[in-house]
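Enquirer: I have a structure I would like to understand better, so I am pasting it below and will then ask my questions one at a time.
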Amino acid sequence: MRVPFVSFLPMEKELDKDLRDAFERVYTNSWYIEGREDANFEKNFADYCGVDYCIGVGNGLDALMLALKALGIGEGDEVIVPANTFIATALAVTYTGATPVLVEPDIRTFNIDTNRIVPAITEKTKAIMPVHLYGQPCDMEPIMEIAKKYNLYIVEDCAQAHGAKYKGRLIGSFGEAAGFSFYPGKNLGALGDAGATITNDETLAKKIRALGNYGSDYKYHHIYEGNNSRLDEMQAAFLSAKLPHLNRMNEERRRIAKRYIDGINHPDVIKPYVPNYAEPVWHIFGIRTDRRDELEQYLNEKGIGTNKHYPIPVHMQECYKNLGYKVGDFPIAEKIGMTELSLPMFYGMKNEDIDYVINSINEWK
């Protein structure tokens, strides 16, 4: 039996007509940038997230970077980010000219440890960028209290958490802005690269939009040194076709996660921890074991696809040697990197697939 790590086929088969209709609509209109599809999706996604403004951009990295630039963050500034995250979080800070300052995660949730944020604050700190990793919401109330006390911005990295809730409230609306990725593998994924920044601040929204359009507020009038990062009409149309199904598909991921959590009982495997404030959407279902490489090989031999998120922490990446960190500076992030293993998780998984993964883990010697 084979169970892939991820498969788009069940979803694409179900939404085939809607996606093809979206393509035909854009192709027939012959309008590919900044048109009605983009405007329609931006409005609908803003409404979905419970915010006033959504600005479509080229990808999730740009969604974060443009938000930081719009807030005036740049050279000489520092932004606090979790040490356990995909490198795009740190790159977004770097591309503004600012410096990412890493903070250890909570070993239970893999998200930033709110108790370690204050010691990392300096006179150069301008913002905190919490990452709702794997679709698990961060503990936002203490982060908001710290930001208020120290006069810091909050830019949420929601790249993996479309539809996740913190104490009943959708993530993305707690800070000044939030960035989303619509990379194809995300819970809400385009058929190519795409992203969006959301905010409740009209002035900030206008600046983000201008920065993503060559710094232009209207044609050939450039008020900022901007970037070229816009959500194209085709991807906006595909996202509009998928958005009405997001909650239902997230519920299916929750069902799969519950089956995993209830069924896996191997003594060497640590299952995900879900705080009582969190309603995750399980972009990734990550377990931990000190025998990670053994388990990975065993599962792969049984036809079960796996992945590792993220085996080399940000501070150990060659591109960030200039930050001056060394191995051992973030032992919790390093521990997660050495022990985390991601199990198959995708819309359309059959019970027999889930049970095969569970039974294979429980039978592992």
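Enquirer: Conditions first: (1) on the phi < 0 side of the Ramachandran plot; (2) touching a Leu at 6+ places or on another chain (Cβ under 7 Å). Residue 110 passes all but one, so which condition is the exception?
Expert: Exception for residue 110: condition (1).
Enquirer: How many of the residues in the stretch 339-358 are outside any loop (DSSP other than H, G, I, E, B) and within 21 Å of the chain's Cα centre (by Cα)? Full working, then the answer.
Expert: From the stretch 339-358, those outside any loop (DSSP other than H, G, I, E, B) are 339-343, 351-358; that's our starting set.
From the residues that got through so far, the ones that are within 21 Å of the chain's Cα centre (by Cα) too are 339-343.
Result for the stretch 339-358: 5.
Enquirer: Now, a different point. Could you list, ordered by first residue, the pairs with Cβ atoms under 9 Å in which the first is in the stretch 252-271 and closer than 18 Å to residue 107 by Cβ and the second is of a type in the set (Phe, Trp, Tyr) and part of a loop (DSSP other than H, G, I, E, B), at least 6 apart or interchain?
Expert: Going by the 9 Å Cβ cut-off, the qualifying pairs are 268/364; 269/364.
Enquirer: Please specify each residue of the stretch 206-247 satisfying the condition of being touching a Phe, Trp or Tyr at 6+ places or on another chain (Cβ under 8 Å), in a strand (DSSP E or B) and over 16 Å from residue 57 (Cβ atoms).
Expert: 222
Enquirer: In the stretch 314-344, how many are open to solvent by 10 Å² or more (accessible area, probe 1.4 Å) and of a type outside the set (Ser, Thr, Tyr)?
Expert: 18
Enquirer: Is there a residue in the stretch 289-312 that is touching a residue at least 40 places away in the same chain (Cβ under 8 Å), in a loop (DSSP other than H, G, I, E, B) and charged (D, E, K, R)?
Expert: Scanning the stretch 289-312, I find at least one residue that is touching a residue at least 40 places away in the same chain (Cβ under 8 Å), in a loop (DSSP other than H, G, I, E, B) and charged (D, E, K, R), so the answer is yes.
Enquirer: Among the residues of the stretch 131-170, which ones are open to solvent by 30 Å² or more (accessible area, probe 1.4 Å), farther than 21 Å from residue 309 by Cβ and part of a loop (DSSP other than H, G, I, E, B)? Give the steps one after another, and end with the answer.
Expert: Taking the stretch 131-170 as the starting set, the residues that turn out to be open to solvent by 30 Å² or more (accessible area, probe 1.4 Å) are 139, 141-142, 144-145, 148-151, 153, 165, 167-170.
Next, only the ones that are farther than 21 Å from residue 309 by Cβ stay: 141-142, 144-145, 148-151, 153, 165, 167-170.
Passing the criteria: 151, 167, 168.
Enquirer: Further, regarding this structure: Return only the number of the condition from (1) more than 24 Å from residue 116 (Cβ to Cβ); (2) of a type in the set (Phe, Trp, Tyr); (3) open to solvent by 20 Å² or more (accessible area, probe 1.4 Å); (4) within 20 Å of the chain's Cα centre (by Cα) that residue 298 does not satisfy.
Expert: Of (1) more than 24 Å from residue 116 (Cβ to Cβ); (2) of a type in the set (Phe, Trp, Tyr); (3) open to solvent by 20 Å² or more (accessible area, probe 1.4 Å); (4) within 20 Å of the chain's Cα centre (by Cα), only one is false for residue 298: (4).
Enquirer: Conditions first: (1) part of a loop (DSSP other than H, G, I, E, B); (2) in contact with a strand residue (DSSP E or B) (Cβ under 7 Å, 6 or more places away or on another chain); (3) surrounded by 22 or more Cβ atoms within 10 Å (Cβ to Cβ); (4) not charged (D, E, K, R). Residue 96 passes all but one, so which condition is the exception?
Expert: Unmet condition: (2).
Enquirer: What single numbered condition from (1) free of Cβ contacts under 8 Å to residues at least 12 places away in the same chain; (2) under 23 Å from residue 341 (Cα atoms) fails to hold for residue 123?
Expert: (2)
Enquirer: Given 181, 173, which one is crowded, with 17+ Cβ neighbours inside 10 Å, under 27 Å from residue 317 (Cα atoms) and polar (S, T, N, Q)? Explain how you work it out, then say what you get.
Expert: Working: 173 fails: under 27 Å from residue 317 (Cα atoms).
It is 181.
Enquirer: Follow-up question, since we're still on this one. Among residues belonging to the stretch 224-242 that are surrounded by fewer than 18 Cβ atoms within 10 Å (Cβ to Cβ) and not aromatic (Phe, Trp, Tyr), point out the one that is nearest to residue 43 (Cα to Cα).
Expert: Within the stretch 224-242, the first condition is being surrounded by fewer than 18 Cβ atoms within 10 Å (Cβ to Cβ), and the residues that meet it are 224-225, 228.
Keeping just the survivors that are not aromatic (Phe, Trp, Tyr) gives 225, 228.
On the way: 225: 27, 228: 21 Å.
That would be 228.
The values are calculated or read from the model by the stated rules, or taken from the named source; none is laboratory data. Predicted model only: the values in this text are computed from it and were never measured. Note: ideal-geometry Cβ built from the backbone for every residue, glycine included; neighbour counts use all protein chains shown. For accessibility, only protein heavy atoms count, side chains too; no ligands or nucleic acids. Shrake-Rupley method; radii C 1.70, N 1.55, O 1.52, S 1.80 Å.
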